[in-house]
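Here the structure is laid out as structure tokens; the discussion comes afterwards.
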Amino acid sequence: MSKHQKRLSVPDSWPVERKTATFTVKAAAGPHGEQGVPLLIVLRDVLGYVDNRKEARYALNQGTILINGDSLDDEERPIGMFDIVEFTERDEHYRVFPDEGGRLALSPIDAADADSKLGKIVGKGQVPGGNTQLALHDGHTLEIEDGEYAGSDSIVIDHDDEILAHFPYEEGALVTAVRGQHAGEIGEIEEIQVTPGSSANNVIVTQEEGDGFETIADYVVVIDENFVEEDDEETVTTAGEGAEAAEDPTDGGDDE
């Protein structure tokens, strides 16, 4: 397996320019699968807080950059949808959120909202002892004793895996599309269309401003009204000033 990642072949969700250089950093193994964006890209290409890998490592070693409440020391750690990114010295807090076109963007949030994150339930099963295990969209799992949770529901958990809120996947629910041509759009589910056989189910979504849209059910995530308020704030999606990466095939396109 190659240790390098060409810019032209990165997932559409990665917020990087395709033609400024040949290579970019490759994501390490971790949450979010192939859609996970390396933390270095967030720090360098999106925010412009560092110019290269060496600066990113130094910044991470200060312990002032938190991902979902934890301090990290791996600049290749994948960051993905609904993760919470905090810069304690700057008093800045962001939620990773899909922007128009499906690119991941950073939405500013209040410090009080940075103590929890939203997760979409993608799996549910029983574990020894009778508890229920929920699997979330980013690969995170947690055990619960009881509760009426179903696949495609969303939950809000704190950094100790305590469930703070539950948003059922049902008609009338507020959702955002995270993939497909309507990625980044928000509306309410008008109808859930169950397709017989192996074909994907569809949802019809209405919008207060807009014509609404129809998309694959797996492409939507149930959210709460706070997301709509935060979506009105300015998001960070493009590279900061001076954040261009030098092309270096021996290091995935990153300055040392």
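Could you please let me know if ARG53 is touching a helix residue (DSSP H, G or I) at 6+ places or on another chain (Cβ under 9 Å), basic (Lys, Arg) and at pLDDT 75 or above? Judged against the criteria, ARG53 is a match.
This table checks each residue for (1) over 22 Å from GLY33 (Cα atoms); (2) among the polar types (S, T, N, Q).
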position: GLY48; (1), (2): yes, no
position: SER71; (1), (2): no, yes
position: MET81; (1), (2): no, no
position: VAL85; (1), (2): no, no
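Going through (1) of a type in the set (Gly, Ala, Ser); (2) modelled with pLDDT of 90 or more; (3) touching a helix residue (DSSP H, G or I) at 6+ places or on another chain (Cβ under 6 Å); (4) under 26 Å from VAL156 (Cβ atoms) one by one, GLY80 falls short only on (2).
Highlighted here are the strands (runs of 3 or more DSSP E) found entirely within region 139-212 that include at least 1 residues which are farther than 18 Å from PRO98 by Cβ: 141-144, 154-158, 163-167, 186-193, 202-206.
Scan region 159-180 for residues that are at negative phi and surrounded by 13 or more Cβ atoms within 10 Å (Cβ to Cβ) and the total you get is 13. Would you check if there is a residue in region 68-77 being among the aliphatic types (A, V, I, L, M) and open to solvent by 30 Å² or more (accessible area, probe 1.4 Å)? Yes, because at least one residue in region 68-77 is among the aliphatic types (A, V, I, L, M) and open to solvent by 30 Å² or more (accessible area, probe 1.4 Å). Pairs meeting the criteria (first residue in region 159-182 and at pLDDT below 95, second residue open to solvent by 50 Å² or more (accessible area, probe 1.4 Å) and in a loop (DSSP other than H, G, I, E, B), beta carbons under 6 Å, at least 6 apart or on different chains) are ALA177/GLU185. Select from region 210-256 the residues that are at pLDDT 85 or above and open to solvent by 40 Å² or more (accessible area, probe 1.4 Å) and list them in ascending order. The answer is ASP211, GLU214, ILE216, ASP218, TYR219. GLY102 meets the conditions (1) within 23 Å of ASP115 (Cα to Cα); (2) under 17 Å from the mean Cα position of the chain (by Cα) in every case but one. The failed one is (1). Looking at region 137-155, which of its residues are touching a Leu at 6+ places or on another chain (Cβ under 8 Å) and modelled with pLDDT of 95 or more? Of everything in region 137-155, those that are touching a Leu at 6+ places or on another chain (Cβ under 8 Å) and modelled with pLDDT of 95 or more turn out to be SER154, ILE155.
Listed here are the residues, each with its yes/no results for (1) within 21 Å of ILE157 (Cα to Cα); (2) β-branched (Val, Ile, Thr); (3) in contact with a helix residue (DSSP H, G or I) (Cβ under 6 Å, 6 or more places away or on another chain); (4) modelled with pLDDT under 95.
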| site | (1), (2), (3), (4) |
| --- | --- |
| GLU17 | no, no, no, yes |
| VAL37 | no, yes, no, yes |
| ILE41 | no, yes, no, yes |
| GLY69 | yes, no, no, yes |
| ARG95 | yes, no, no, yes |
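Selection of region 136-149 for residues being more than 18 Å from the chain's Cα centre (by Cα), under 24 Å from ALA217 (Cα atoms) and either in contact (Cβ under 8 Å) with a residue 60 or more places away in the chain or open to solvent by less than 50 Å² (accessible area, probe 1.4 Å) (or both) yields LEU142, GLY147, TYR149.
Applying the condition of being under 20 Å from the mean Cα position of the chain (by Cα) and assigned to a helix (DSSP H, G or I) to region 45-59 and asking which residue is surrounded by the most Cβ atoms within 10 Å (Cβ to Cβ) yields VAL46. What do you reckon, is ASP12 open to solvent by 30 Å² or more (accessible area, probe 1.4 Å) and at pLDDT 75 or above? The answer is no for ASP12.
The values are calculated or read from the model by the stated rules, or taken from the named source; none is laboratory data. Values in this document were obtained by computation on a predicted structure and should not be read as measured data. Counting neighbours? That spans all protein chains shown, and the Cβs are built from the backbone with ideal geometry, glycine included. Surface areas here come from the heavy atoms of the whole protein model, side chains and all, with no ligands, DNA or RNA. Shrake-Rupley method; radii C 1.70, N 1.55, O 1.52, S 1.80 Å.
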